[in-house]
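Working notes, structure below.
The values are calculated or read from the model by the stated rules, or taken from the named source; none is laboratory data. The shown structure was predicted, so the numbers you read here are calculated from the model rather than taken from an experiment. Cβ coordinates were reconstructed from backbone atoms using ideal geometry, including for glycine residues, and neighbour counts include every protein chain displayed.
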Amino acid sequence: MDVPQRSQVLNETIEKLSDEVSYNQLFHTCRDEETLPSGEALREVVDLCRAILFPGYFGHARISKQTIRYHTGVHVQTLHRLLSQQIFAGLCFDDSCHSSCTIAEIRERAHTLSEDFISALPEIRRLLATDVLATFNGDPAARDIGEVVLCYPGFRAIVNHRIAHQLYLSDVPFIPRMIAEMAHSETGIDIHPGATIGHHFSIDHGTGTVIGETAVIGNYVRIFQGVSLAGEKLGPDEGGNLIRGVARHPVLDDHVTVYSNATLLGRIHVGMGATICGNVWITRDVAPGEVIHQLKTEN
């Protein structure tokens, strides 16, 4: 193909891509001062959260008990600035703000939400301390707590979830899902930020694990790789639209164990102390203490 022909192909393609019919549903117009949330900036936000929550494990500074207040202060101030910027971008991108809020009001809301999140960091740390202990106690291959914090993909995904879930509870748009998808990309573990998860939670190995938006997980729950806490497919509403906002994922009580590649489907209830063995498909409630495996049910 000679140069004139190449130019013609490129020009024709540009015209097609610039046709409003082509991009109509895929086009976003930013108002003045708006930006879209940044994946790169949110990775920095998560890294800062890790440095604050696990002092000495993450970040480049050499922290001691004598300097921890200083380093924590620096990290918190930086986190507040970056997170405020990203929440602002998310709020601007959220259509509900476009007609009812000014830029100044959105910016103030972003600062408040960022402060609310930072105030929850002590509770997030408390929960993660139980998660790391549960992971260590549940895996004979773990050498120590430090190995879990630094190396375990299941724990890494839980950290992201605790961060994302707190933002989700504050109705921060887009940012929680982006943080959840970072962990999904890094670990293969997909936890929707809306999922409610109790303390002492652990995910062993974890690759392919899926936990849906309205799943509720109690305390001292352990799940393995390939587990799906999946949502029931609901029929359309009277207008033919997809039904949203309905609880449609499983509820797991305390001390439940779900082994690899098990699928729990719909708003079923798994009772306290139940065990779901591997490679099973469950669509009914499971009694407390019940053991479910491929061939039979044992009380």
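What to note about this one:
- Count of the range 214-224 residues, restricted to those that are surrounded by 18 or more Cβ atoms within 10 Å (Cβ to Cβ) and either assigned to a loop (DSSP other than H, G, I, E, B) or assigned by TED's automatic domain parsing to the domain that holds P176 (or both), is 5.
- Residue selected from the range 153-172 under the condition crowded, with 17+ Cβ neighbours inside 10 Å and aliphatic (A, V, I, L, M), by the criterion nearest to the chain's Cα centre (by Cα): A164
- For the range 231-256, the candidate set comprises residues that are modelled with pLDDT of 95 or more and surrounded by 20 or more Cβ atoms within 10 Å (Cβ to Cβ); within that set, the residue that is farthest from T135 (Cα to Cα) is H249.
- Checking each residue in the range 92-107 for being in a loop (DSSP other than H, G, I, E, B) and at pLDDT below 75 picks out S99, S100.
- Of all residues in the range 3-37, exactly one satisfies the criterion of being small (G, A, S), modelled with pLDDT under 85 and within 39 Å of the chain's Cα centre (by Cα), namely S22.
- Here A141, A183 are screened, and the one residue that is of a type in the set (G, A, S) and farther than 30 Å from H111 by Cβ is A141.
- Unique residue being touching a residue at least 12 places away in the same chain (Cβ under 8 Å) and more than 24 Å from G289 (Cα to Cα) when the list is A195, A183: A183
- Sole residue being surrounded by 13 or more Cβ atoms within 10 Å (Cβ to Cβ) and either within 30 Å of N219 (Cβ to Cβ) or over 19 Å from the mean Cα position of the chain (by Cα) (or both), chosen from R69, R107: R107
- Any hit, the range 132-142, residues being touching a residue at least 60 places away in the same chain (Cβ under 8 Å), of a type outside the set (A, V, I, L, M) and part of a helix (DSSP H, G or I): yes
- In the set (1) surrounded by fewer than 18 Cβ atoms within 10 Å (Cβ to Cβ); (2) closer than 20 Å to F174 by Cβ; (3) not β-branched (V, I, T), the condition left unmet by L150 is number (2).
- Residue among V280, V227, V251, V256 that is hydrophobic (A, V, I, L, M, F, W, C), farther than 18 Å from I217 by Cα and either touching a residue at least 24 places away in the same chain (Cβ under 8 Å) or assigned by TED's automatic domain parsing to the domain that holds T214 (or both): V280
- In the range 234-241 there is no residue that is part of a loop (DSSP other than H, G, I, E, B) and under 23 Å from the mean Cα position of the chain (by Cα).
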